[in-house]
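Written out below as structure tokens is the structure these notes cover.
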Amino acid sequence: MTDWPLILAYAVHLLATAAWVSGLAATIWVAIPAARRSLSSLQDQQAFAHLLQRIQQAGWFSLVLLTATGLFQMASHPAYAGTLVINSRWGLAMLLKHILFLCLLGVNAAITWGVLPGLRRLTWLTPDAEQSGALTAALKRQQTLLTISLVFTLVILVATAVARAS
């Protein structure tokens, strides 16, 4: 049997992980802080809301790739004994990864269907002091949820290291 499907799965998984982590970090530490300082016109706010939506779409695409390639890798691993069979450190690490991944999906669902629609609504309102404060609060919520997502992601990477060393 050829190893090429597994090699391809590893490569796509690593690329999707890099895209996911770099997108989170750039949004948390660069894009949102810059937006909170400089978004003054309604057009700027609308463009930024659209940018966040596109970043979120790319994030969902990465998560789909991570799910597909991760399940393929897991099923191909010699320590894999079946769904919810936790008889080793590898199995425990996989369980932790899956629980955290479900939490990650929940956080991203909250962003996609909670925070981002609110941001889009705010950008269509007439700019005033109240709207500006609401926009700042919404960006802060977005940044907080993205930070939580990044923490889950980093713990998943640690669990991956534990599984890899097992």
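Report every pair of residues separated by at least 6 positions or lying on different chains whose Cβ atoms are under 8 Å apart, first residue within segment 122-136 and surrounded by 11 or more Cβ atoms within 10 Å (Cβ to Cβ), second at pLDDT below 70 and part of a helix (DSSP H, G or I).
Cβ pairs passing all conditions: 122/131; 123/42; 125/131; 127/42.
Somewhere in segment 40-50, is a residue touching a Pro at 6+ places or on another chain (Cβ under 6 Å) and in a helix (DSSP H, G or I)?
Yes, that holds for at least one residue.
So if I check each of 2, 67, which one is closer than 21 Å to residue 96 by Cβ and among the β-branched types (Val, Ile, Thr)?
Exactly one of 2, 67 is closer than 21 Å to residue 96 by Cβ and among the β-branched types (Val, Ile, Thr), namely 67.
What number of residues within segment 69-86 satisfy the criterion of being in a helix (DSSP H, G or I) and either in contact with a strand residue (DSSP E or B) (Cβ under 9 Å, 6 or more places away or on another chain) or in contact (Cβ under 8 Å) with a residue 12 or more places away in the chain (or both)?
6
Of the residues 161, 110, only one is of a type outside the set (Phe, Trp, Tyr) and either closer than 30 Å to residue 43 by Cβ or modelled with pLDDT under 90 (or both); which?
110
Looking at 46, 73, 57, can you tell me which residue is in contact with a helix residue (DSSP H, G or I) (Cβ under 6 Å, 6 or more places away or on another chain) and within 30 Å of residue 138 (Cα to Cα)?
46
Of all residues in segment 78-94, which are surrounded by 15 or more Cβ atoms within 10 Å (Cβ to Cβ) and not aromatic (Phe, Trp, Tyr)?
Scanning segment 78-94 gives 79, 91, 92, 93, 94.
The values are calculated or read from the model by the stated rules, or taken from the named source; none is laboratory data. A quick note: this is a predicted structure, and the numbers were derived from the prediction, not measured. Glycine also receives a Cβ, built like all others from the backbone with ideal geometry; neighbour counts cover every protein chain displayed.
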